[in-house]
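Everything on this sheet refers to the single structure shown next.
The values are calculated or read from the model by the stated rules, or taken from the named source; none is laboratory data. All of these numbers come straight from a predicted model, not from anything done at the bench. Counting neighbours? That spans all protein chains shown, and the Cβs are built from the backbone with ideal geometry, glycine included. In case anyone asks, the SASA skips ligands and DNA or RNA and just uses the protein heavy atoms, side chains included. Shrake-Rupley method; radii C 1.70, N 1.55, O 1.52, S 1.80 Å.
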Amino acid sequence: MEDKAKIQEMIAAASRAREFSYAPYSNFTVGAALITKSGKVFTGCNVESVSYSPTTCAERVAILKAVSEGERSFEMIVVIGGPRVGESKAKGYSGPCGVCRQMIYEFGKDIQIIIANSLDEYYVHDISELFPLGFGPDHLLG
Ligand code: THU
């Protein structure tokens, strides 16, 4: 599936979720949107903590929402993020962190990852490309 309209709809969903980002410490706001193979969409934003380590990335919020509602079969996850507008001149693509890559890999080696900068600027990869030789469920479950 590399349907541009579908990818753009998902980027729009991730961008809307990004508006809810709680990032007072980093000022780096991130939104994610996950679509299941059955077509359900779950979104997430990053949620920070004053003690830092409890901070949860947007992608994991979306995954945890989906799994906690009975969904484990994922087709695609979109991530869009960067410094809050006006806070920094830095811009560009923000791919999933290592912990999120591990968590995505948990649910399938072929999940598509869309790393977006805008509706028209995005990269398409699958998790196996972004997490090569990953440690996965097969290692423990056989
Ligand atoms: N962040 C995400 O939400 N997703 C990622 O994959 C990378 C990092 C968040 C965590 C933290 O709130 C902020 O971005 C800066 O690290």
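Observations on the model:
- Degrees between helix 58-67 axis and first principal axis of the chain (Cα, 0 to 90, nearest 10): 40 degrees
- With protein chains left intact and a 1.4 Å probe, residues in region 61-142 average 57 Å² of accessible area per residue.
- Accessible surface of the chain, 1.4 Å probe, proportion on carbon and sulfur as whole %: 55 percent
- Cβ-based net charge around LEU34, under 15 Å, with every Lys or Arg adding one and every Asp or Glu removing one: +1
- Here LYS4 is the anchor, and the aspartates and glutamates within straight C-alpha reach of less than 14 Å, apart from those fewer than 8 places off in the same chain, are ASP120, GLU121.
- Fluctuation leader among TYR122, TYR93, TYR52 - the chain, Gaussian network, Cα springs under 10 angstrom: TYR52
- Modelled this way, with points 7 Å down the Cα-to-C-beta line, the labels at LEU133 and ARG84 are 4.1 nm from one another.
- Largest to smallest accessible area among LYS40, LYS65 [probe 1.4 Å]: LYS40, LYS65
- Counting Cα-Cα pairs of the chain in 10 Å increments starting at 0 gives whole-percent bin shares of 12, 44, 34, 9, 0.
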